[in-house]
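Below is one structure, written out as structure tokens, with a few remarks after it.
The values are calculated or read from the model by the stated rules, or taken from the named source; none is laboratory data. Just so it is clear, the model here is predicted, and its values are computed rather than measured. Positions of Cβ are backbone-derived with ideal geometry, glycine not excepted, and every protein chain shown enters the neighbour counts. The protein model used for the area step is the full one, side chains on, heavy atoms only, and it has no ligands, DNA or RNA in it. Shrake-Rupley method; radii C 1.70, N 1.55, O 1.52, S 1.80 Å.
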Amino acid sequence: MIFDLIIYILLAIGVFFNLLAGIGLLRFPDVYTRLHAGTKCTTFGSIFLVGAVILIGLKMWYTGATDGSVLAIHSIFVLIAILLTNPTGAHAIARAAHRSGVAPVRAIVDDLQNKTVKKTVKKKEAEK
Amino acid sequence: MIEFNTYLIVLIALSLSIIMAMIRVIKGPTAPDRVVGLDTINTIVISSMVIFGAAFQEVIYIDVAIVYALLSFISTLFIAKYLEGGDF
Amino acid sequence: MLAFVVTTALCFITYLLLTTGSGTLGLWSLEEILFGAILSLIVGFLARTILVKDNFRMANPVRWVIFMAYVIGPFFISMAKANIDVAYRVITGRINPGIVKISPDLKTDLGITMLANSITLTPGTLSVDIDEDKNDLYIHWINVKKEALEKKPVDCKYICGKFPNWIRRIAE
């Protein structure tokens, strides 16, 4: 009984943060702040959703169905895949956005600006 | 036991979140905005596949979710590389 | 040769974990074990120079124990803080962004990758670019503090707290 309650709470937290990611994507003003919402919230929400499924699998295993162990172990693999790939993808998108010339809106400091210019000059020299 | 309706409510809420990200994909003023929306949709689809697997007690959905996670990561990296404008 | 053995063992363990519950021999069937062994020998031969580059310091189990402690303890707590922070900013719309440079002084590729991923998942920060010569990171910061801007590059303690010390213990 208390096990079921824990699963319900985990599912509710996961859904809340995933919805927050959607609202954040709509409300924030530029790419970088949207990445904050889209990456952090979905990763955190997915941890809770997949954690709830792992608990469901463990409970099935405990009550006698051998299918439960397979469910739990494969869900752990999904969790590892999400935790490894999500921040790396965000990093790649942020770098691509800055190199393709999208400046952060309302920024009070941008240390990266000068560096990007230098790099393109170097590339042009190398091509000659 | 968790009732089937619980999974149904969770999945409906997740699809609401997907719809909001979809609006960003359609509206987004620049190309990186659209890619951010796509990346978010990918992650939410992965977690809803896992929920499907638990709802129908089928492990195959979760196997598909693992493969989908790795493939969507590679596709995101390639789109980012393309936006960067370097040579492959 | 040792790199080949390590890669093959990792592949075989992963295969066994993914095929639990398939038969009667323990948790596995005989076909799965044989096929997994052959596949992981092939993969280990093809990828022996990719996974293990220069030395075997990550084979030390103490580093993995510290890594697990790091993920469960400080990393998870700051991740929870990050999400509450994002929730606050989504609801109020109060942002003050900027891109700053930090020099965490880590030497290995694995360490800088772990730090960049940790920074992306912790409060208000997102790693954007890297200076590959000096391993400096460029961070998009959603709420720039005035006192942090007096010194350049910005001090690590404003961005990522004690993470570089943890990572130095794990990966260097």
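Quick rundown of the values:
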| quantity | calculated |
| --- | --- |
| Residue tally, condition facing chain A (nearest Cβ under 7 Å), β-branched (Val, Ile, Thr) and open to solvent by less than 20 Å² (accessible area, probe 1.4 Å), over region C:87-105 | 3 |
| Extreme residue, modelled with the lowest pLDDT, among residues of region C:123-172 that are surrounded by fewer than 17 Cβ atoms within 10 Å (Cβ to Cβ) and part of a helix (DSSP H, G or I) | C:GLU150 |
| Unique match (being open to solvent by 10 Å² or more (accessible area, probe 1.4 Å) and either more than 9 Å from chain B (Cβ to nearest Cβ) or within 21 Å of B:ILE60 (Cα to Cα) (or both)) among A:LEU71, A:LEU79 | A:LEU79 |
| Tabulated pairs, region C:42-60, first open to solvent by 100 Å² or more (accessible area, probe 1.4 Å), second part of a loop (DSSP other than H, G, I, E, B) and of a type in the set (Val, Ile, Thr), C-beta under 7 angstrom, 6+ apart or interchain | none |
| Extreme residue, most open to solvent (accessible area, probe 1.4 Å), among residues of region A:29-59 that are among the β-branched types (Val, Ile, Thr) and out of contact with any helix residue (DSSP H, G or I) (no Cβ under 6 Å at 6 or more places or on another chain) | A:ILE47 |
| Flag for C:ILE99 being part of a helix (DSSP H, G or I) and of a type in the set (A, V, I, L, M, F, W, C) | no |
| Residue within region A:13-28 that is touching a His at 6+ places or on another chain (Cβ under 8 Å), assigned to a helix (DSSP H, G or I), crowded, with 16+ Cβ neighbours inside 10 Å and at pLDDT below 90 present | yes |
